[in-house]
Amino acid sequence: MRIATWNINSLRARMDRVLAFLERHDVDVLALQEIKAKPPQLDLAALEQAGYEVAAHGLNQWNGVALLSRVGLADVRTELPGVPTWPQDETGVVEARALSGVVGDGLRIWSLYVPNGRELEHPHYGYKLRWLEALRAEGARELAESAQSRTAFVGDFNVAPFDEDVWDMEFFADKTHVTPPERAAFQAVVEAGYADVVRPDHPGPGVYTYWDYQKLRFPKKEGMRIDFVLGSPAVQSAVTGSFIDREERKGKGASDHAPVVVDLEF
DNA sequence: ATGGTTGTGCTACAA
């Protein structure tokens, strides 16, 4: 089974790229982030024609996540237990940043769009840290229930876990994504039992999944590794290969993120 | 020249 994760930065704007990507790489399951749409706005006919079931969770124009699967899609969930909301609860607004389903041979895959954090002084930064702690708790609960659970947390984590995951640490000295609290929150998910299954085969430095649209970051090879596939022990031992599809960042109409692809054999 | 973007939805905002 081939799974992938991709921050698509608007599914409607890039439906053609998604369809071409699925076909080109023979992808069974694709987790998308930043779909930037509410489900009724999506025209899913072409995806369904291609054999994919779709679950989408979107509540506003900024974020939203989806799962596409041609190997079954059962028990869809749209909330991580205990995850905080943003903006503050009194507005009544919540976000769509997590969606999971059970695909293939009993794999629960979560499509996650971790809060960005914005600036260090911004309330969104604390929200990001609390969000990651809720993810850790859910991951720990899942493995406490069954150490054999096939669970994958995939998506845009908006954290560069190591210095080698950004092109220039000096540039990020006063910015989010690299601060010790963010890295500790990410590492806590890893230590709960969910390893980055791509890094061993694709060590850095210079291995990135995101390049800002601005300042010619892509041609200058100034990117960040912030998109991950984190797998429970059962998933880790099923990995047979992986790659980052850097080609998808090229050309007109590219997302600012590249897809991350992982092959699994249970 | 010290900048060079993009999507959504309506002109600001998020990334």
Review point. Given the options A:41, A:61, A:214, which has the most mean-square fluctuation in a GNM of chain A, springs set between C-alpha atoms less than 10 angstrom apart?
Key: A:214
Revision key, fill the gap. Per the rule of 0.36 nm per residue minus the C-alpha distance, extending residue A:45 to residue A:78 adds in nm 9.7 nm
Revision key, fill the gap. If each part is reduced to its alpha-carbon centroid, the stretch A:95-152 and the stretch A:6-21 end up apart, in Å, by 23 Å
Practice item. Could you please tell me the mean projected area of the C-alpha convex hull for the stretch A:1-69, averaged over all directions and given in square nanometres to one decimal? Key: 3.9 nm²
Practice item. Determine the relative contact order of chain A: mean sequence separation of Cα pairs under 8 Å and six or more apart, normalised by residue count, in whole percent. Key: 19 percent
Revision key, fill the gap. Taking the dipole of chain A about the Cα centre (Lys, Arg +1; Asp, Glu -1; charges at Cβ), the one of A:67, A:132, A:179 that reaches farthest to the positive side is A:67
Review point. So how many Lys-Lys pairs in the stretch A:149-266 land under 19 Å Cα to Cα, not counting same-chain pairs under 8 apart?
Key: 7
Practice item. Quick one: grab Rg to one decimal and Dmax as a whole number for the stretch A:1-126, Cα atoms only, in Å. Key: 14.9, 47
Practice item. Sort A:27, A:76, A:239 so that the residue with the fewest other Cβ atoms within 10 Å of its own Cβ comes first and the one with the most comes last. Key: A:76, A:239, A:27
**Study point:** Most mobile listed residue (A:44, A:216, A:107) in chain A, GNM with C-alpha springs under 10 Å
**Key:** A:216
Review point. For the stretch A:2-264, what is the convex hull volume of the alpha-carbon atoms per residue, in Å³?
Key: 120 Å³
**Study point:** Local electrostatic count at residue A:247 - Lys and Arg +1, Asp and Glu -1, tallied over other residues with Cβ under 12 Å
**Key:** +3
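All of the numbers you see were taken from the coordinates with simple rules; none came from a lab. The structure displayed is predicted, hence computed values, not measured ones. When we count neighbours, we look across all protein chains shown, and the Cβ atoms used for this are built from the backbone with ideal geometry, even at glycine.
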